[in-house]
């Protein structure tokens, strides 16, 4: 065996050793059923509206099975952590790093740890965010206040769904970029303009929302972008293009407090696919922090 070959084999062996050592450290900690039971009891007394964030992401499926509060919040599918004065984090004490959830909070808020509790190998922390914005309204929670139009034609409402011949708009849970989100999901033919109207939407000083694309199985079948336009009191405040590559794209619009006429327009661009993936939109209004 020549020199380069021996060097290559040695390098492969060294990498394998590093992987084995890393795996041993990553999985040496066992979370026993008693630990999950204690965490369940602790979290059961926390207010349901306060988010629980998994600081160790790969533990979340097990946490959903063991802790009803975590499972319930997963079904609520929050868009981000704006509008919360307190959040709770749960994860392995031995696997703590830079909190990924910091990217989801209002940059104007400062998180301060107000409580820390060890539960075996787990650590439960409570964080207070100050100042915190007040959430005033959510587009996907407006129900009968919403009017849906497809190319100018009003779509009849049936429960949480609005239906026109070429358009379906639903208030539903949808997977976007691998994460469940609750939103207004729009299924429409290419080129059709869908409008979501609310004549008296409560506003503060900011509208914040997200747009992405659902239907994981369709990811390879369509890459059609969507044009998003937001009007407040018939004045265009935002016009942008969203693509699948942008994932859960955030948008923000300064507003004035009151009750405003809100119109959101979505137009799906032409695509090679006959069944474009549904855009998923959420929009919330916030008061000053």
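The values are calculated or read from the model by the stated rules, or taken from the named source; none is laboratory data. A quick note: this is a predicted structure, and the numbers were derived from the prediction, not measured. Note that each Cβ is placed from the backbone with ideal geometry, even for glycine, and that neighbours are counted across all protein chains shown.
Brief remarks on what is shown
- Of the residues 66, 48, the single one that is over 23 Å from residue 178 (Cα atoms) and either touching a helix residue (DSSP H, G or I) at 6+ places or on another chain (Cβ under 8 Å) or surrounded by 14 or more Cβ atoms within 10 Å (Cβ to Cβ) (or both) is 48.
- With respect to the conditions (1) surrounded by fewer than 20 Cβ atoms within 10 Å (Cβ to Cβ); (2) in contact (Cβ under 8 Å) with a residue 24 or more places away in the chain, residue 214 falls short on a single one, namely (1).
Rundown of residues vs (1) in the same structural domain as residue 206 (by TED's automatic domain parsing); (2) within 24 Å of the chain's Cα centre (by Cα); (3) over 30 Å from residue 57 (Cα atoms); (4) surrounded by 19 or more Cβ atoms within 10 Å (Cβ to Cβ), yes/no style:
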site	(1), (2), (3), (4)
110	no, yes, no, no
113	no, yes, no, no
121	no, no, no, no
146	yes, yes, yes, yes
160	yes, yes, yes, no
165	yes, no, yes, no
169	yes, yes, yes, yes
176	yes, yes, no, yes
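- Boolean, residue 99 is modelled with pLDDT of 90 or more and in the same structural domain as residue 60 (by TED's automatic domain parsing): no
- Failed criterion for residue 103 (all others in (1) part of a loop (DSSP other than H, G, I, E, B); (2) surrounded by fewer than 16 Cβ atoms within 10 Å (Cβ to Cβ) hold): (1)
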